[in-house]
Every structure is written in C-alpha cells, then in structure tokens.
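Before any comments, here is the structure.
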Amino acid sequence: MTTTVTTPAGSAIAPRRRRADDVAGLGKARAGIFVAPALIIIGLFLLFPAVWTIWLGSTDYRLTGLQAASPEFVGLDNYVEALTDPSFWNSLWLTLIFVLFSGIIGQTLIGFGLAWSVRNIHGWTKSLIEGLVLAAWVIPASVASFLWLVLLDRRSGTVNGLLGTQGTAWLIDHPMESIIIFNIWVGTAFSMQLFSSALSAVPPSQIESAKMVGASGWQQLRDVIVPNIKGHILTNTLLITLWTFNTFTPYLVTAGGPNGKTEILSVYIYETAIPGGQLGLGAAISLIMLLINLVIALAYVRVSRGRTKR
Amino acid sequence: MTSTPTPTSTPTSTTTPPVAPPPNVRKVAANASLRHFLSRVAFAIVMTIVGVLFALPMVWLVLAPFDATPSLTLSWPDWTLDNFARLFENPYALRSIGNSLLLGVATMVIVVGFGALAAYAMSRIRIPGRDGILYGLLLLSSIVTGTAAMVPTFQIITQLGLINSYTGVVLVLAGGILPTVIFILKDFMDSIPKSYEESARLYGAGPFRILRDVVAPIARPGLAFIAIWTIVQVWGNFLVPFILLRSPDLQPAAVVMYTFYTESGQADLRLISAFALLFSAPVLIIYFVVNRRYGFRFHGGIKS
Amino acid sequence: MAGITATQLVKEYPGGVRGVDEIDVEITDGEFFALLGPSGCGKTTLLRSIAGLEAITSGTLVIGDRDVTNAEPGVRGVAMVFQDYALFPHMDVGDNIAYPMRIKRVKRDERRSTAERVGDGLSLQGLIERRPGQLSGGQQQRVALARAVATTPDVLLLDEPLSNLDARLRLEARTFLKELQRDLGVTTVFVTHDQAEALALADRIAVMRAGKLQQIGTPREVFQRPNNTFVAGFIGSTPMNLVPATVEGGSIAIGDARVPVPVGTEGLVRDGQAVIWGIRPEYLRWSPTEQPGGIPAVVSVVENLGASVLIAVHAGELKFQVVVPEDQEPAPGDRGWIVPQAPKTLLFDAESTQRIG
Ligand SMILES: Nc1ncnc2c1ncn2[C@@H]1O[C@H](COP(=O)(O)OP(=O)(O)OP(=O)(O)O)[C@@H](O)[C@H]1O
Ligand SMILES: [Mg+2]
C-alpha cells in the first residue's frame, strides 16, 4: 500500500519552509511569481507615470523639435509659468465651478431627489426612471456627448423646440451651463444608487416615530434621514468631487471652447501637452492635479476609516 | 414630441388627496394640507422636468436610427432599417466596433489572468502589510486617473515606441483597472473555503493544479463578473485610445464616434445615429442583464 | 498500512498560541483512534499537523517508517475527511471520488470504474452523476469518505465527520463508519468533541485539554479509570460526581458522612490529606431508608432520561447527581440516602487533580 507514495524518505525529511497559513502550499516564492505580473503592469503604467510626472514637470520637454530629443532640466520654471499664467487660474476657476455645480450640487441633489422619490414606488415606473438614469451613466461617453450636441443644436435641437428659443446656440452662449447639465445627466446614476441603498437602510421605525409626533416631510428629512445617511453623503460627495474633477468628457461636447470658456483643468492639460506639444508644462500642471486628487482621496480614506471604526 | 414618455409623473400619483379632517381642526389643518399639497405639486413638477431631461437624449438614441430621414429634432420615425444597412457598408464603422472588441478582450484577458493570480496569492499567503498594499493600490488607481496621468503616460508610451499600437493602449488600460480587480477578486477568493484546496493538496495536487482544478472553477462567477466589467470599462473609454492611437484604422468605436461627428463636414445623421445605437447597445444590454441578475454593485467603482 | 508516532510534537501559531503542546502519541497500524476534548483544545490542530496542513513547530512525526515531519501533505499517504466535507461543487460525485486518482494520473476508465466500485461500497449507487449540492448531508458525508478511501491511503483522518448530521443519521453513520474502518483495516484518527461517539467507535481514545494530552487509553480505561478530574468530568454522558473530601482515620470524610477508602488506594493516602472523591452517577444508588455507608441527602431536581431518571440531590453543602431506575423515581424535596458502590469510587489528589492509585 505504501507504493502510492513515490517520494523517497530522504527528500521528505529535507526541511521545507512552509507558512502556517499557506493552505495551497504556494510558498512565498511562488506567491511572488503570482503577484509579480500584475504588480509590474501596475508599477509601470500606473505608479511610474505618477512619479515620472515629477521629473517631466521640471524639464522643458516638448513633443517635437530640439527639446524632444534632449530635454533640459528647468527646475521650477514650469510651475512658475503655470502659476503666473492667468489662463491656468482661469481653468482652475472653471474647474471649481464645474465641480461645484455639476458634481457636488447637481449630481448629489438630483441623485438624492431621485432616490427619495422612487423609494416608495414599485413596478414599471420605478424601473423606467432608474433605467433611464442608469442608461445615461452606462452609454459610452462619446455617444452621450453626441446626444447632447443633437439636443442642444442651434437650429433644430429639441431643447430649442421645447422652450421656444429657436436659434439659441446653447453651447456658445451658455457653454459652462451646458456642460454642467450634461455632466449631471451623465453622472447622477451613481448618487441615485448610493442614496437608494442608504435610504433603504434607514430604520423605518425611526421615520414612523417622527411621523407619529407630527413631523413634516421636511422635518423627517432633517431630523431622521440626514443624520442616518450622513456618512453616505460624505462618501458620495468626495467620490463625485474626485470623478468630476477628473472627467475629460466635456471636451467631447465643447472641446474647451468657445474661447476657453469650458477649459476645465483636464482639458487644459490636454490642450497644453498634446496638441500644444508642451509636455513639460503639461506635466507640471498634471502634478498639481495629482496632488489635488491625493488630497481628496486621503480625505475619503479618513472618512471611511472613521466610519468603519464607529 | 408627443411620444416622449413622462416618467416622473409618478410623484403626483403618490400624493394622497387631503382627507377631510374633523371639523374642529379643519381650519388649521386645511391650511397645512394645502401647503403640503402645493409642495407636493412643486416637487412633482421639478421631478417631471428632471425626468424629461433624462429621457430626451435617450429617446433620440433609440428612435433616430430607425428613421428614414433622421433629423436633430426629436420626431416620430418613418420606420426603416436602411440606416443599419448603410452602417454595415461603412468600412470604418464596423472595423471600429471590432477594434473596441479586440481592445476589450485583450485587456480583459490580461486583467482577469494576472488579476486572478495576484488576488489568489494575496488571499492565501500572509505577506506583511498585505492589506496596506491592497488599499494603497486602490488609492493609487483613484488618484492616478487617465486625465491626471495623461501627459506622463503619453510620454512614456512614446519613449517605449508603443504609440499607435494596441500593446500600449491595453497595458495602460490594464494598469488602471488591475488594482480594483485585484481588490474585488481577493475579496471573492477570501470567501472560498480553504478546505477545498487543502483537500486537493492532501491528494498531492501542486499549486498550479489546485488553481486549475479547484480554485478557478469555483471562482468562475467572480471571474466572469470581472471579465464583463472590464470589457464594459474598455468599451466606453475614450481618452486612452484617443491620445495613444494615431491611425484611423486602429481607432476603437469610442474615438470613431467622436470623429464621425466632429470631422465630417456635414454630419451624416443616418450613419451616426445607427452607429451610436449599435455601439451603445452591448453595454446597455450587459449592464441591465448584470444589474438584474446580481444587483447594482459599486466595488470602489472607479470609472476612469 | 502504517502506524503514526508523534514525539514531543509542538504546533505554535503565529502570536504564540500553542495549538498542540508537546504531544507524545503512538497510534498502531489499523487502529481506530479518537481525539477527544473540549472546543479549542487542539484536536483539529493535531489532526492537521498529521496531515501536513500545518507546519510542525518542533518535535517529530513518523508515519509508517518514514519521518514526515517536514514532508508535503501529498506524499504522506494520508487522506482526510473535512468537517464541511470539502466536496468540489463543480464536479459530480464520480469526479469527486476520482479526483485523487486524477492527480496520480490513473487512466480515465479506471478512475471511473474505481469510483463506481467504491461508491457502491458506500451505498452511493445511482448518485455518481449528481453534484454535491444535490445530495443530502449523509450522502455528502459518504461521498467524502469514498473520495478519501478510493486511493487506499495508509492513514485516514476524520475531523468531526458526524457533526453535520442530525441526531438520528449520526447514529446510523456511526455504525457505518465503524464497519467501513473494520473492513478496510486502515489506520484511522478521528476528531470529536462528543465523548459518547468516541466511546462507541474508538479502539483507543486520547483526551486533550489546552493542547496537552490528558490520557490515552481504551474506552473502558478512560471511562473507568480517568487519569485526572478533567478526564473524569469530561467522559460519560453525565459527568462524574467530584466532591472535596479529606482522609480521616482510614476512611474518607465527605461533609459529615464517612465512606471507605477506595480499593487500591489504601496506603497511598495519609491522614488529613485533602482529596477529591469521585463516583459516577450510575454507580450511586438512591435509598429512601437509611443504609450503611449511605450519605443523607435531599432531592432538588428530577430529570427524566427515558428509561431512567437523573436526580440532583443536596447533601449539606455538597451536590450529587444520581441515576435512578424509572420505577424508583423520587419527588423533589424527598429525603433519603445516596449509597455508593464501593469498588467504583475513585480518589484524586486535591492539589494535582491526578488519580490516586
Ligand atoms: N490559524 C490559527 N492561528 C492562531 N491560533 C489558532 C489557529 N487555529 C487554531 N488556533 C488556536 O489553537 C487552539 C486549538 O484550536 P483547534 O482548532 O485545534 O481546536 P479544536 O480542538 O479542533 O476545537 P473545536 O472542537 O472547536 O474544533 C485554539 O485555541 C485556537 O484558538
Ligand atoms: Mg476542530
């Protein structure tokens, strides 16, 4: 019966390091091999670009010409240039407005409003509303932006038809408002879904006790609902801020125009670095963007930590 | 326009008509219920406007491709399938859909393959600081977004000579998606009982054997979810192929869609509308099927 | 076939918990050996160390005549049935049973026929094509057993194999397991925290507590002559009565009562020594009338066990449990005497808790 065992006793005795909690007998070396390809790809194409930005941002790298072949170290020149350039500040300001109105206010409020109003509905109306909002989120960005170009068209756009404002060039007269509404349309699904699940977790008994003492809808919202979903509101706000800050999709609608009126930071970087060819300067602005992202992400980590601790 | 559904008319339907209160409190209550009623109406109107806003572009997306003479104005179509016939004759359109599929599948293979290996090792071996690494990676992927890293990525890919090649696009996309995937899959693998592997191990199966015979089949639902999710992510991604690919032949549908309506002088609406629907349909279908089957999940939801 | 010898076996978990602490045990070839102890005492750890699923911290382990202390689990010739059975959900019963043979590169046809033969032996006819999810708990357990024995291992390890079955099925499976083990003659180590199961099945029992061995012996030895008060209290369907007592002038003083010094401990105790006097409830008799050597007591609780009655009585400060035939059932509040069967009494040292004699 022992013939089933093929390994000679000698080799079995040879000490082998095995971890106590290594159920599959992987061993550290093999585990390393398993993890390596993924980590290499992440390292090369995610981590390294971030670090590389620091170096790139301190050179006069250009896409073409002499500086493409032998870029020179220029220290903080790019940062000085960016920070003294009014168009950078303009872009930052536009970004702030964009994030504030389309993300923090628009998506959050409308997302909450939708979640709130479909909460007690069942059946096809609920599916239809949720489906439409979700569909806007899911369809590819280039399709979404085309649909809005159609909708807002100057001569025969549906919006002008509905509002009786034939001939209004929304994208030229009100470019920022247009991309804000466009971005609300694209992104509200996330807030809606997040708040839907948050609202369904609010204990009905709390709402009912508020109703029993005669609280109005508004008072219920303020005294019961909001305190219960405070964490979700914060999470939602931070994630939405991060994503809205980083979105490039408005470029597909207005391409930053007219006259840079919708040149939010992501578009500004693109215009500077790729068509503009100033990779060094673009990298310097990218680094600023990365740092802002870092701050938002760290705030998010802090918030979610605090929440899990409680 | 008459065809536009008004989905958010429902809030009004939930408004309960004020019930006659006892006479002694009638006056006060009537005031309160009137205010209540008015605020419900205002709310309903706002929600209806929002609903119409969400519906309008979608209605165009669905109707225009079937209209013999689509225009920018929303109108009841003059039904036809000619637009699709025309689409299938356009060499760029079909090829770009194929390109999107190719990019999606290639990225998916890398992400699922390497992601599963890494997640498995991380789930089964206690590396010091493992959870820290995992959260660090997730954090990294949400900070280093496509937009924030577009300049260095573009420069590095240029230096590597991978510009205008699928290799570059796939690697960059995979790098951005992998952290989330590892995170989700590790969670999934953690939930697979270890006794399966231990049992296989007792019979002499080696680690690769165990992975192939036991872990992969059991993890299949998780892997399938990740595979679909990855393809959906890549399918809609515009920025990465937009900056890393040059030749029109290589462009995926996301970029071709954009060039269709920006570069052709007079936009061919029959072509574009059909293309937009064809390009959106797979993700819409996948999404709603997945949503139905598994419910809506975020999973750190990085949407780059 | 092979015996198992563990010498000074230690398994220390990261963090310093000793799951198994300096265990010496010798399990002979073909033996049905039970590891018994309360939850968390290290039974599973010892079993998994034998299987090779836990790396041994120190000590040696020999299976057959090979030192397998550091060997991979796959080469030890052991098979194991897990508590949750660990049947692969994506394989049908036949493939599950045949899986070990697949690893050993047995041909497909042979695999299938062996699987069917072993399955038949375990009354799994007609279930070969089913998935584990479509089987009852008892059937799953038999499939797990079939998979374990299909490659005729040297050692069969079972971790609480019956604990997932309901009470009735458990009795059936117990008999079944015993027969299977006898037919195969395979060395079997099986973990349980159910002392009745261990007494019923095992050739020998090892009682563990906090990683340490308390006693190894046949069911009879462990039941009749427990090494210490822990084993005495753990074994038996009703725990042994253990009461503090002192040695006084050639007899044992329990409260105000006097009982004779147990057989075999005369001369091993000195006057005034603090001891623990032990007797199983089954070996106490309840008498409503005064008896020589009886201890006066009052009945407080009466529990029906079916054919007999378990009564709790107070004798002054002390409490006893007594098993009484059903026709002699007293009522709560009744006064009477409890009478020990002298040869069945045991004496433990009060300090070391070890048995005297
Ligand atoms: N992976 C581990 N890491 C650290 N300590 C562990 C680990 N596994 C078990 N232990 C500890 O080792 C001791 C013995 O555990 P073990 O699982 O062997 O107990 P057991 O006798 O099988 O108990 P049960 O009857 O509950 O199954 C326990 O104190 C347990 O907490
Ligand atoms: Mg156990």
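The values are calculated or read from the model by the stated rules, or taken from the named source; none is laboratory data. Since we're looking at a predicted model, the values are computed, not measured. Reconstructed Cβ throughout: ideal geometry from the backbone, glycine too, with neighbour counts over all protein chains shown. Surface accessibility is based on the protein's heavy atoms, side chains included, excluding ligands, DNA and RNA. Shrake-Rupley method; radii C 1.70, N 1.55, O 1.52, S 1.80 Å.
A few notes on this one:
- The listed residues are B:Ala106, B:Ala93, B:Ala85, and the only one of them that is more than 9 Å from every other protein chain (Cβ to nearest Cβ), open to solvent by 10 Å² or more (accessible area, probe 1.4 Å), touching a residue at least 40 places away in the same chain (Cβ under 8 Å) and not hydroxyl-bearing (Ser, Thr, Tyr) turns out to be B:Ala106.
- A:Asn259 surrounded by 20 or more Cβ atoms within 10 Å (Cβ to Cβ) and without any contact (Cβ under 8 Å) to a residue 60 or more places away in the chain: no
- Top-ranked residue in the range C:161-172 [being in contact with a helix residue (DSSP H, G or I) (Cβ under 6 Å, 6 or more places away or on another chain) and more than 14 Å from every other protein chain (Cβ to nearest Cβ); ranked as nearest to ligand 2 (Cβ to nearest atom)]: C:Leu162
- Flag for C:Asp183 being acidic (Asp, Glu), within 16 Å of ligand 1 (Cβ to nearest atom) and away from every other protein chain (no Cβ under 14 Å): no
- Verdict on C:Gly217 being within 16 Å of ligand 1 (Cβ to nearest atom) and either touching a helix residue (DSSP H, G or I) at 6+ places or on another chain (Cβ under 7 Å) or open to solvent by less than 80 Å² (accessible area, probe 1.4 Å) (or both): no
- In the range C:43-70, the residues that are at negative phi and at the interface with another protein chain (Cβ under 9 Å from one of its Cβ atoms) reach residues that are among the polar types (S, T, N, Q) and assigned to a helix (DSSP H, G or I) with C-beta atoms within less than 8 angstrom, at least six apart or across chains, in these pairs: C:Glu54/C:Thr45.
- Unmet requirement for A:Gly167, which otherwise passes all of (1) on the phi > 0 side of the Ramachandran plot; (2) in a helix (DSSP H, G or I): (2)
- Annotation: C:Phe88 fulfils all but one of (1) open to solvent by less than 40 Å² (accessible area, probe 1.4 Å); (2) within 16 Å of ligand 1 (Cβ to nearest atom); (3) within 13 Å of chain B (Cβ to nearest Cβ); (4) in a loop (DSSP other than H, G, I, E, B); the unmet one is (2).
- Close contacts from the range C:140-160, counting a first residue that is in contact (Cβ under 8 Å) with a residue 12 or more places away in the chain and a second that is in a helix (DSSP H, G or I) and within 16 Å of ligand 2 (Cβ to nearest atom), with Cβ to Cβ under 6 Å and a gap of 6+ residues or different chains, come to C:Leu157/C:Leu47; C:Leu157/C:Ala51; C:Asp159/C:Thr44; C:Asp159/C:Leu47.
- With respect to the conditions (1) surrounded by 23 or more Cβ atoms within 10 Å (Cβ to Cβ); (2) within 24 Å of B:Leu211 (Cβ to Cβ); (3) not aliphatic (A, V, I, L, M), C:Lys43 falls short on a single one, namely (2).
- The single condition among (1) surrounded by fewer than 18 Cβ atoms within 10 Å (Cβ to Cβ); (2) within 14 Å of chain B (Cβ to nearest Cβ); (3) more than 16 Å from ligand 1 (Cβ to nearest atom) that C:Thr28 does not meet is (2).
- Selection from the range A:93-129 of residues that are open to solvent by 40 Å² or more (accessible area, probe 1.4 Å) and closer than 18 Å to A:Ala198 by Cβ: A:Ile104, A:Leu109, A:Ile110, A:Trp116, A:Arg119, A:Asn120, A:Lys126
- Scanning the range C:110-164 for residues that are within 16 Å of ligand 1 (Cβ to nearest atom), on the phi < 0 side of the Ramachandran plot and surrounded by 17 or more Cβ atoms within 10 Å (Cβ to Cβ) gives C:Leu157, C:Leu158, C:Asp159, C:Pro161, C:Leu162.
- Residues of the range A:36-50 satisfying the condition of being of a type in the set (A, V, I, L, M) and open to solvent by less than 10 Å² (accessible area, probe 1.4 Å): A:Ala38, A:Ile42, A:Leu46
- C:Leu201 more than 16 Å from ligand 1 (Cβ to nearest atom), away from chain A (no Cβ under 14 Å), open to solvent by 10 Å² or more (accessible area, probe 1.4 Å) and of a type in the set (A, V, I, L, M): no
- With respect to the conditions (1) open to solvent by less than 30 Å² (accessible area, probe 1.4 Å); (2) more than 22 Å from B:Leu72 (Cβ to Cβ); (3) in contact (Cβ under 8 Å) with a residue 40 or more places away in the chain, B:Gly222 falls short on a single one, namely (3).
- Filter result for A:Val295 (without any contact (Cβ under 8 Å) to a residue 60 or more places away in the chain, under 23 Å from B:Val144 (Cβ atoms) and either within 9 Å of another protein chain (Cβ to nearest Cβ) or touching a strand residue (DSSP E or B) at 6+ places or on another chain (Cβ under 6 Å) (or both)): no
- Hits in the range C:1-51 - residues which are within 14 Å of C:Val189 (Cα to Cα), more than 17 Å from the chain's Cα centre (by Cα) and more than 16 Å from ligand 2 (Cβ to nearest atom): C:Met1, C:Ala2, C:Gly3, C:Ile4, C:Thr5, C:Ala6, C:Thr28, C:Asp29, C:Gly30
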